[in-house]
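For reference, the structure is listed below as structure tokens.
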Amino acid sequence: SLSKLQLKTGDLDPRLFSRLRHLQKLDLSDNLLDKFPNSLTLPDLRVLNCNNNKLEDVTALKQFPLLEELTYENNVYLTLNDDYKVMFLLQNLRLLNGKDITKLANHVRRVNSRKLTSKVTAHWKKFFHDQLPEKYTAEQVKSIKKKFLKSVQTNVVYGPSSLSEFTRWRVKMIAEEFLANSLGLELNSDTEPEEKTDENEEESTESPREAAEDVAQVGDFSSYISNVTVTPSKRKRNHSKSSPGNKRSKTQANTEEEAAEDVSAEPLHFLQCHSKGNSREDFKTQLWSCVFEPVLDSGARKDPIVSSSRTVATCGGESVCLIDCETGTVLKKYKVATEEFFSVAWTTLTMVISDSRKKAHNILAAAGRRGIVKLIHVAADFCYGEIKAHKKPIATVCFSPTQETHLFTASYDKRIALWDIGIPDCDYNFKASQLLVLETASIPLRIALVPTCPEQYLLAGCEDGCFAWNIKLDKGQKSRPFEAIFQFPGEESMTTSHRVDGLAFLNDDVVVSKSSKPGCIYLWSWSKSFDAKGKGCQRTMSAVILAELEWSTTDMSYLTLSTCPAKEYVFCGDEKGSVWMYNLSSYTTAWGSPKGKRSERRISPTQILQWPELRVNGEQPPEILVNNVVADPAFTYLVVLTSVNITAIWKKS
């Protein structure tokens, strides 16, 4: 027994273990193992307990061929796919996690293998048999082998979608054996390393393309965006307003003073990872929402500057992707063939794994056209549940910053619902309940909880105005009308009727919204605009404007804005692929004073990042709209989502 010793993988020394020739039982439970070394060489091992570790892979267990009993419960990264892998790899296994698996294992080893083998053979005969000439070179063999392995893993489907990872794994194995045995195409050791496929693909019938192919890096253009050329020109300080015709990557400042705080940012990656059916010709899928993953260290979580990783979740079309901003790697991809995702949001749930041990885990909520919220435990590659929240599409979702299980969903049914998504148990059973319904007069597009009282007031930008609701749960009323509608300066007079397609808080009090006037983004004070003491519902209140930001004069809607409160920045993309950035740190003190001094002149952008000269197959992509742009809390990365299925990642120099 080596239980409860805080052992890590490196502590299992093969030189020591390989001398234990007659060891039959080994208990490694309650340690910190993330994998097994490949050469422990325990030839007589019959019983192995690995409960409560951090194991991520089971394939190394094949080194224990006589294993009869295996338990690895409460390793959160292991899934049903891993159960099937060990059943196949360990021919003598009888008990897995305390259950007799003899019948199922026989099915996996025999029936499943027979069906997959016939499918693999048929795929070769139908699509590849005639491609190999009678006399072939080593290069031809290598090329057709690579194409066949990729094609067969994509197209051979068998069994439930929850086992798609196991099926891909077995198909690859069977295909390699088939090539070696039937055709004498030996799999040389100099073959290219296996390209990483997406790890999470619930409810999908095909394997997404390898993440490596999804990445286009500046300076490395042999990428999934076929024949891409990116030409970022050298940075220039430019004190005149940007020329719309110039498509090069110039960072620009608009005044002498602001030039001193020029933010140097370079394009880092261009990714095409939301393609429909993985088509590299797809430049139509619209990308809508992205959110940086929170860090799990509870101490760090309290500091906004370090409260996010470099991992971002993005959504658009039928998929949600998890991207490492530094490397441009698509870490995971989740697909639902009939969905179009519009919004994603993170929360951190404290879940009980085993023995009453609690641990924090990040959960991703994703929603869109079907009105269903998918709940994904990302680290475990598992979509563990869904909430049928609305009968019409969900435009946006957000979690409460103070109540980790409280999720708001804003829908085209003109309702905003508050849900308690519950906390899943160790078997991922959970119970969701609806706590509140907020009635809106028009479709809600953007929602924001008021930072100083996130459990009391919610603000929403809608198709026909900007509204506020009292969301305090101690009030009896479950269905509520809005409490206030805000009026803004219109073309001629104050108006409440206008589409508000951008809404966010810059700090505890300053609201940023994009609405009624073309070429203008408003900054206004929540506390000075909202009269909390007034009685009754549906009152009209005038927004107390603090400043106007100069922006594109386009009449294009749904190009939303975002803020980076820790750095006091506002970001908004435009209809030409550019990102307008506003550093407002020199204004916020004056706005926060009791008198709330208004800035008289429109504030110009500190800088405009222009879309680089990016060519696909020698041509520029069609009209590029920036639907969304989001920075991480430390403002290291800027993620730009476009209307042409391209995610651009910029890095601050």
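Round to the nearest 0.05 the FRET efficiency obtained for THR588 and ALA360 when R0 = 35 Å and r is the Cβ-Cβ distance.
That pair, THR588 with ALA360, gives E of 0.60.
Can you give me the Kirkwood hydrodynamic radius for segment 489-556, using every pair of distinct Cα atoms, in Å to one decimal?
Computed over segment 489-556, the radius equals 13.0 Å.
With labels modelled as points extended 7 Å from the Cα through the Cβ direction, what inter-label distance (nm, one decimal) is found for LYS62 paired with GLN131?
Once both label points are built, they end up 2.5 nm from each other.
Order the peptides 565-573, 5-13, 640-648, 434-442 from the highest to the lowest mean number of other Cβ atoms within 10 Å of their residues.
Top to bottom by mean Cβ count within 10 Å: 640-648, 565-573, 434-442, 5-13.
Where does segment 338-479 land on the Kirkwood hydrodynamic radius, alpha-carbon pairs, in angstrom?
By the Kirkwood definition, the hydrodynamic radius is 15.5 Å.
Mind giving me the nanometre distance, one decimal, between the label points for THR452 and ARG110, set 7 Å out from Cα along Cα→Cβ?
Going by the 7 Å Cα→Cβ label model, 7.3 nm.
Quote to one decimal, in nm, the extra length available between ASP464 and SER557 on full extension: 0.36 nm per residue of separation minus the C-alpha distance between them.
32.2 nm
Beta carbons within 10 angstrom, averaged per residue: use that to sort the peptides 314-322, 146-154, highest first.
314-322, 146-154
Can you give the FRET efficiency to the nearest 0.05 for LYS4 and GLN403, using r as the Cβ-Cβ distance and R₀ = 45 Å?
Computed FRET efficiency for LYS4 and GLN403 comes out at 0.85.
Which residues in segment 424-462 place their backbone N less than 20 Å from a point set 7 Å from the Cα of LYS388 along the Cα-to-Cβ direction?
429-437
Want the number for LYS475 to SER493: 0.36 nm per residue separation, take away the alpha-carbon distance, what's left?
2.9 nm
If r is the Cβ-Cβ distance from MET173 to SER118 and R0 is 25 Å, what FRET efficiency results, to the nearest 0.05?
0.95
Students often check this: by mean Cβ neighbours within 10 Å, which of 624-634, 56-66 ranks highest, and how do the rest follow?
The packing order, highest mean first, is 624-634, 56-66.
Assuming 0.890 mPa s and 25 °C, estimate D for segment 611-653 with Stokes-Einstein, Rh taken as the Kirkwood radius over Cα pairs, in µm²/s.
D = 215 µm²/s.
What translational diffusion coefficient, in µm²/s and rounded to a whole number, does the Stokes-Einstein relation yield for segment 90-186 at 37 °C and a viscosity of 0.692 mPa s, taking the hydrodynamic radius as the Kirkwood radius over Cα pairs?
The calculation lands on 221 µm²/s.
Which values, in whole Å and largest first, are the semi-axes of the equivalent ellipsoid of segment 413-539 obtained as the square root of 5 times each eigenvalue of the Cα gyration tensor?
After diagonalising the Cα gyration tensor, the semi-axes are 29, 16, 14 Å.
When the chain is fully extended, how far beyond the present Cα-Cα distance does GLU623 get from GLN24, taking 0.36 nm per residue of separation?
Taking 0.36 nm per residue and subtracting the Cα distance, the gain is 209.0 nm.
Quick check on segment 9-183: of the DSSP beta bridges with both residues there, what percent are antiparallel, nearest 5%?
DSSP beta bridges in segment 9-183 are roughly 20 percent antiparallel.
Compute the separation of the alpha-carbon centres of segment 1-64 and segment 464-538 and state it in Å as a whole number.
Taking the Cα centre of each part, segment 1-64 and segment 464-538 sit 59 Å apart.
Would you calculate the volume per residue, in Å³, of the smallest convex hull containing every Cα atom of segment 9-183?
Dividing the Cα hull volume of segment 9-183 by its residues yields 137 Å³.
Could I have the simple spin-label model distance between LYS597 and GLN434, label points 7 Å from Cα toward Cβ, reported in nm to one decimal?
Label at LYS597, label at GLN434, 5.0 nm between them.
Each residue of segment 549-564 in turn: what ³J(HN,Hα) in whole Hz from Karplus with 6.51, -1.76, 1.60 and θ = phi - 60°, glycine and Pro shown as x?
Per-residue couplings from phi come out as 9, 6, 9, 4, 8, 4, 9, 5, 9, 6, 8, 8, 10, 8, 10, 10 Hz.
Rule-based calculations on the coordinates, nothing more; no lab input. Please read these numbers as outputs of a predicted model, since none were measured by experiment. When we count neighbours, we look across all protein chains shown, and the Cβ atoms used for this are built from the backbone with ideal geometry, even at glycine.
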